[in-house]
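Inspection log for the structure reproduced underneath, given as structure tokens.
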Amino acid sequence: MKRKGKILRIFPKDTNTDEIIAGKYKYDELDLEKLAVHTFESIDPLFYADASKTKNPLIVGATNFGCGSSREQAPQVLKTCGISCVIAESFARIFYRNCFNIGLPVIECKDMTKKVAQGDEIVVDFELGIIHNITKKEEYDFKPIPKFMQELLEAGGLMPYLRLHGGYRD
Amino acid sequence: MYKTMAEKILSDKRGADVSTGDTVIVPVDFVFSHDGTMPLAIRQMESGLSTRKVYDPYKVAGVCDHASPSPSEKASNVHIFMRKFAKENKMPYFFENGDGICHQIVVEKFAAPWNIIIGGDSHTCTHGALGAFATGMGSTDIAAIMAYGKTWLRVPESFKIEVTGTLPKHVCSKDVILHTIGEITADGATYMSMEFLGDGVDAMSVESRLTMSNMAIEAGAVTGLCQTDSKVRAFLESHKRGQEYRTLAPDKNATYADEIVVEVEGMEPMIAYPHRVDNVAPVTQFEGVDVDQVCIGSCTNGRMEDIRIAAQILNGKKVAENTRLVVYPASRDILIRAMDEGLIKTLAEAGAAICPPGCGFCIGRTVALGDGEVALSTQNRNFKGRMGNDNAEIYLCSPATAAVSAITGKITDPRDGLRW
Ligand code: SF4
């Protein structure tokens, strides 16, 4: 599996799920399309508009991306905004897990925020564990995603995976 | 291969040696969720898997605790939705308004060493104190487990927390875990299993260990394990589950990704000040701060020994005029035992509002704070807005510090008996 795209934004350390989607909307709005309009609203009001204009947008985060409450709406709105991959220096555990469960690819790459700039075109090769930065003509390694988690992503998330196989295959 | 406790449990469940970084599919011994997370999990079963049938009704529980007793018609309707699901699945374990907090119920009735326990709540790590690999997950995961009885896990690295020495009087395991989180920070143990070891942990009661395991998630950990011993056996026996005891300990040469030694001899009572759990300082730094509401309870500190120490401190004393004290026993069992021991009477006489078992103040569904108010609480999170008001401040502390501060109406060091 490969994902090609453009780095839309770079977020700082400890970006939390409340910043991704504020808790106040979670209770009022169940429609993801409508909820997605508010993605990153409090810290980056232009995010949704810019994401809609960009082809295959990717986002980059520093350490502990997605910390805070375990709300699944956080990765879901990112996916709904068309984000094709999130690359961070590290993720908070439940957010990381939720991403695979909903079929949003996430990878961890050391010092990522220092290596890339907003607007860089990159290609992520999941099998080889390599990010090609086309703009800067550089390559960065990351630890390949375990096979089972790749299968989850290919199926589109945990529910489609379980439907496809009639349960867990082990 | 030498193994940590997490690697041992997951290898046992997998039936093969597993090590850090492996992704494994494992059977789940027990799964539960509550009125905040179960409705969404049921909907996910319906929409994602086209079923409402649980894999084994004896291994799934639902608990009405977050909005309990129900404060609104919306919450009551959520409870109806959950009840219906439990009934159609013939689930014998459905816990009603007033039965208690999900984690305390699971501790009393279900958790056992070497189990894998998954809850639809981030503080499921609590059960690590009984030697269970226990962790919180989102509603998609809970739905999948309710339907199939299995889940996927990444075998975590481990962070060894070596606690040594004897705790001074009125310094509690809560102070130890606050200190630890202050040292390693809120993401210091991300993805890791925290393993609490050392003579300091051996000397603690099971209840004290539960307080530490409960807060492992506040350092980002997946679970917070303690070794099992005669105290765990006695604890299980006291809940008529002695036969579920099994010994669990890490191998001596197990590999840890990180470790820290926490020396508790001479440790001061700690406080986490607004609005982060890792904003930790000795209580003495905040002494004298006026407190509007003191809260004793939650899945962190609502157990017998917490209520006992509060009653002991408040015996014959009165809650200060400028403050309110609310007490929520963590479960019905604890409420009854505290009544039998006369603790509830002591606390009520001192001026405490005695509330029905449940989450209560911890998420502000009841006794929410007013604008500009300050709370001192024995719970595990002090995030902005956590107790129902963005314009309020929450400090976290031990039950001893909470009880003493209720008498003075100000944040007070519990060690200095002359001042309260
Ligand atoms: S007492 Fe607080 S932390 Fe514990 S389960 Fe309830 S809301 Fe969560």
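Each value in this text was obtained by applying a stated rule to the coordinates, not by laboratory testing. All figures in this text were calculated on a predicted structure; none of them were measured in a lab. As a convention, Cβ positions derive from the backbone with ideal geometry for all residues, glycine included, and neighbour counts pool all protein chains shown.
Pairwise alpha-carbon distances in the protein assembly as shown exceed 34 Å for 39% of all pairs. Computed extension gain for A:LEU32 through A:GLU154, at 0.36 nm per residue and net of the alpha carbon distance, reaches 41.8 nm.
Neighbouring Cβ atoms from other chains, within 10 Å of the Cβ of residues in A:88-95, number 5 on average. For B:LYS150, the residues whose amide H sits under 5 Å from its own are B:VAL28, ignoring neighbours fewer than 5 places away on the same chain, with H placed 1.01 Å from N. For the stretch A:2-163, just say rounded, prolate or oblate: build the C-alpha gyration tensor, square-root its eigenvalues into a ≥ b ≥ c, call rounded for a/c under 1.5, and beyond that prolate if a/b exceeds b/c, oblate if not. Oblate, because a/c is 1.5 or more while a/b does not exceed b/c.
Using a Gaussian network model of chain B with C-alpha springs under 10 Å, which one of B:ALA134, B:ALA320, B:ALA143 is most mobile by mean-square fluctuation? Among B:ALA134, B:ALA320, B:ALA143, the largest GNM mean-square fluctuation belongs to B:ALA320. Excluding same-chain neighbours fewer than eight residues apart, the aspartates and glutamates reachable from B:LYS90 by a Cα-Cα span under 15 Å are B:ASP56.
Lys-Lys pairs in the stretch A:96-156 that are eight or more residues apart or on separate chains and whose Cα atoms lie under 26 Å of each other come to 10. When chain B is treated as a GNM with alpha-carbon contacts under 10 Å, the residue of B:ALA257, B:ALA350, B:ALA406 showing the greatest mean-square fluctuation is B:ALA257. Charging the Cβ of each Asp and Glu at -1 and of each Lys and Arg at +1, and nothing else, the dipole of the protein assembly as shown about its Cα centre rounds to 1460 debye. Calculation over all alpha carbon pairs of chain B in 10 angstrom steps from 0 returns a P(r) of 5, 23, 33, 26, 11, 2, 0 percent.
Counting only DSSP beta bridges with both residues in the stretch B:271-414, the antiparallel share comes to about 25 percent.
Note on A:161-167: average number of Cβ atoms from other chains within 10 Å of each residue's Cβ is 3. For the residues of B:33-44, the average number of beta carbons from a partner chain within 10 Å of their own beta carbon is 1.
Under a Gaussian network description of chain A, with springs only between Cα atoms under 10 Å, the residue in A:LYS115, A:LYS34, A:LYS24 that fluctuates furthest is A:LYS24.
Each of A:GLU108, A:GLU139 was scored by other Cβ atoms within 10 Å of its Cβ. Arranged with the fewest first, they read A:GLU139, A:GLU108. Scoring A:7-15, B:170-178 by mean Cβ neighbours within 10 Å over their residues and listing the highest first yields B:170-178, A:7-15. Taking trypsin sites (Lys or Arg not before Pro) across the stretch B:1-47, none is in a DSSP loop with at most 12 further Cβ atoms lying within 10 angstrom of its Cβ. Backbone N atoms of the stretch B:90-114 closer than 16 Å to the 7 Å Cα→Cβ label point of B:ARG83 belong to residues B:90-100.
For the stretch A:1-101, the number of Lys pairs with C-alpha atoms closer than 22 Å, counting only pairs eight or more positions apart or on separate chains, is 19. Near B:GLY149, once Lys and Arg are set to +1 and Asp and Glu to -1 for all other residues with Cβ below 11 Å from its Cβ, the sum equals 0.
Entry note, chain B: the mean residue ellipticity at 222 nm calculated from DSSP H runs of n ≥ 4, each adding -39500 (n - 2.57), is -9000 deg cm²/dmol after division by the residues and rounding to the nearest 500. Antiparallel beta bridges, as assigned by DSSP with both residues in chain B, represent about 20 percent of the total such bridges. Amide H contacts under 5 Å for B:VAL63: B:SER33, B:HIS34, B:ASP35, B:PHE95, restricted to partners 5 or more places along the chain or on a different chain, H placed in the peptide plane at 1.01 Å from N. Once the Cβ-Cβ distance of B:ASP290 and B:ALA234 is raised to the sixth power relative to R0 = 45 Å, the FRET efficiency obtained is 0.60. Relative to the globular-protein estimate of 2.2 N^0.38 Å, the Cα radius of gyration of the stretch B:271-414 stands at 0.93. Rg and Dmax of the stretch B:200-303, based on Cα coordinates, read 16.8, 49 Å. Note on B:ASN315 and B:ASN391: the model spin-label points, each 7 Å out from Cα along the C-beta direction, lie 4.3 nm apart.
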